[in-house]
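Colleague: Have a look at the structure that comes next, please.
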Amino acid sequence: MTRRQLAIVPLALALAACSAVPASPGGSPSVAPSAATPAQVPVPAGRVLFMRNGTDGVEHYFTIKTDGTDEIALFDAEGCSCARWSADGSLVLTLAATDHGTYSFKTIRPDGTDAVVVPNPIETLNLAPGASSADGRLIAFNGWDETDPANTGLWVASPDLTDLRMVMPLQEGMLTVEPFGVTPDGSQIVFFADTGPQGETSHAGDVYVVNADGTSLRQLNPAGTKTGFIGPAVLSLSPDGRQAAFGLGDAVWVVDLAGGEARPITYQAGFVWAVTWSPSGDWIAYTRQHAGTSVIGLVRPDGTDDHEITANDATDEAAMPMWSPEGTHLLVRRGGGEDGDLWIVDLEGTWVGQVTHEPSDYSLFSWAP
C-alpha cells in the first residue's frame with residue numbers, strides 16, 4: 001500500500017507542523033461559550049463511521065449511532081486510513097487485498113455485512129476510493145501501479161468499476177494524489193497532490209481542479225505556496241460545485257473553479273489544517289491550531305462572521321469538524337492526542353452529546369449522509 005501511505009501522516013506530525021508555521025496578524029476571534037457537560041437537548045439521529053487506532057498499530061473501523069449506542073466493528077487494517085461513506089450513506093467505501101497481490105475497491109454495509117471486493121479490470125492497478133459525486137454515480141480514485149507506473153494517478157469510475165478510466169497520470173513533481181471532491185455533474189474533480197516534505201510538514205503539496213476527461217488541469221493555491229495534507233480534508237468542494245475551499249498557512253482560502261485567483265477569507269493567527277464546507281453551503285468549518293491547542297471555527301464563504309465555536313483551552317481542544325447531513329451540527333474529536341473522543345457540537349458551541357467512550361486519537365471519522 002505504498003502509494004496510499006504517502007498521503008497519510010499521524011496527527012502528532014500535524015501538530016509539529018502547526019507549531020512551525022508563523023502566525024499572521026489579525027483581530028481576536030470571538031469565542032462562543034462551551035458547555036462543560038452536554039446540554040439537555042436531543043442528539044441528532046444518525047450514524048458515524050470512525051477509525052480507532054490500537055496499541056498494536058492496527059486500525060479498527062466501526063460504525064456507531066450518534067447517541068453512542070450500537071457500536072459495530074467493520075474490519076481491521078494497517079497503514080490504510082481508508083474508509084468513507086457512499087454518497088447516500090448506504091455503504092462504507094474502502095479497499096481490500098485481491099488475489100493478485102494488489103488492493104482494490106471494497107464496499108461493506110454499515111452493519112458489517114455484505115463485504116464485496118469489486119473486480120478491478122486492471123489486475124496490477126491498486127485503487128483507493130476518494131470523493132464521489134453527489135448522486136454516487138462517479139467515484140474518484142487514487143490509483144497506483146507498481147508493475148506499470150504509467151497507470152499511477154487519478155482515476156474515475158462508476159461503483160462497479162465497469163467504466164474505469166484514467167483522468168490523468170502523475171505530473172512531474174507529484175508523488176501521489178488524493179481526490180477530495182467531484183462536482184455534482186461529474187465534470188470536474190478537485191484533488192491534493194503530494195510533492196514531498198516541506199519543513200516539518202511531511203506531506204506538503206498543491207491543490208488542483210481538473211476536468212474528468214483529464215483536460216484543463218489548474219493549480220488552485222497561489223504559485224510558490226504549499227499546503228499540507230495531514231489526514232483530515234484540507235480541501236473541500238462547495239455543494240454546488242462552483243467553488244473550493246482549502247487551508248493554507250494561517251487562513252482559509254476560497255477559489256472559483258471557473259477561474260480567477262484564490263483569496264483568503266480568514267485573518268486570525270494560527271495554522272489552518274482542516275476545512276469542510278457545510279451541506280447547505282452557508283458555512284465553512286475549519287480547524288485552527290494556535291496557542292498550543294486546536295479550535296473549531298466557522299466562517300461564511302464570503303469571509304464574514306468568522307468566529308470560533310470551541311474554546312481555546314487545552315482541556316477542551318477540538319479538531320477535525322465533520323458536518324451533520326442537515327448542516328446544523330458538527331462531529332468533532334474533543335481532546336488532544338490519544339485522549340480524545342468523538343462529540344457532537346452545535347453551531348453555537350454547545351456540546352450536545354458524546355458519541356464514543358474509549359479515548360483514542362480518532363484521526364478518521366465522518367457522519368453518514
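Colleague: Measuring with a 1.4 Å probe in the full set of protein chains, what accessible area per residue, in whole Å², belongs to the range 89-244? Please report the intermediate quantities before stating the final value.
Modeller: Details: 6120 Å² over 156 residues.
With the other protein chains kept in place, the range 89-244 gives 39 Å² per residue.
Colleague: Convex hull over the Cα atoms of the chain, averaged projected area in nm²?
Modeller: Values: hull surface 66.5 nm².
Average projection, Cα convex hull of the chain: 16.6 nm².
Colleague: Counting only protein heavy atoms and a 1.4 Å probe, tell me what percentage of the range 70-188's accessible area is made up of carbon and sulfur.
Modeller: Values: 2420 of 4990 Å².
Answer for the range 70-188: carbon and sulfur cover 48 percent of the accessible area.
Colleague: Counting other C-beta atoms within 10 Å, and keeping those with at most 16, which DSSP coil GluC sites (Glu not before Pro) do you find in the range 233-340? Write down the numbers at each step before the final one.
Modeller: Details: sites: 261, 308, 317, 326, 338; in loops: 261, 317, 326.
The qualifying sites are 261, 326.
Colleague: If Lys and Arg each add +1 and Asp and Glu each add -1, what is the summed charge of the other residues whose beta carbon sits under 9 Å from the beta carbon of residue 298? Mind showing how you got there, number by number?
Modeller: Working: positive: 300; negative: 305, 306, 308.
Counting the neighbours of residue 298, the net charge comes to -2.
Colleague: Then there is this: In nm, to one decimal, how far is the residue 172 label point from the residue 100 one, both placed 7 Å along Cα→Cβ?
Modeller: 3.1 nm
Colleague: May I pose another question? Please state, as a whole number in µm²/s, the translational diffusion coefficient that the Stokes-Einstein equation yields for the range 37-110 at 20 °C and 1.002 mPa s, with Rh defined as the Kirkwood radius across alpha carbon pairs.
Modeller: Numbers: Rh = 13.8 Å.
The diffusion coefficient I find is 155 µm²/s.
Colleague: At residue 45 and residue 76, where each label point lies 7 Å from the Cα along Cα→Cβ, what is the point-to-point distance in nanometres?
Modeller: Between residue 45 and residue 76, the simple spin-label model gives 3.4 nm.
Colleague: Run the helix sum for the chain: -39,500 (n - 2.57) per DSSP H stretch of 4+ residues, divided by residue count, reported at 222 nm to the nearest 500 deg cm²/dmol.
Modeller: Values: 2 runs with 15 residues, N = 369.
Helix contribution divided over all residues of the chain: -1000 deg cm²/dmol.
Colleague: Once you keep just the Cα pairs under 8 angstrom separated by 6 or more residues, what percentage relative contact order results for the range 51-156?
Modeller: Numbers: 214 pairs, mean separation 17.3, N = 106.
Once normalised by length, the contact order is 16 percent.
Colleague: Okay, moving on. Residue farthest toward the positive end of the dipole of the range 140-283, with Cβ of Lys/Arg at +1 and Asp/Glu at -1: which of 147, 166, 258?
Modeller: Going by the Cα projections, it comes out as 258.
Colleague: Using alpha-carbon positions, what is the distance between the centroids of the range 158-230 and the range 246-310, in Å?
Modeller: Between the Cα centre of the range 158-230 and that of the range 246-310, the gap is 20 Å.
Colleague: Can you tell me the FRET efficiency between residue 300 and residue 147 if r is taken as the Cβ-Cβ distance and R0 is 51 Å, rounded to the nearest 0.05?
Modeller: Computed FRET efficiency for residue 300 and residue 147 comes out at 0.60.
The values are calculated or read from the model by the stated rules, or taken from the named source; none is laboratory data. The structure presented is a predicted model; accordingly, all values stated were derived computationally and were not measured. Because the Cβ atoms are built from the backbone with ideal geometry, glycine has one as well, and the counts that use them run over all protein chains shown. Heads up: the accessible areas ignore ligands, DNA and RNA and are worked out on the full protein's heavy atoms, side chains in. Shrake-Rupley method; radii C 1.70, N 1.55, O 1.52, S 1.80 Å.
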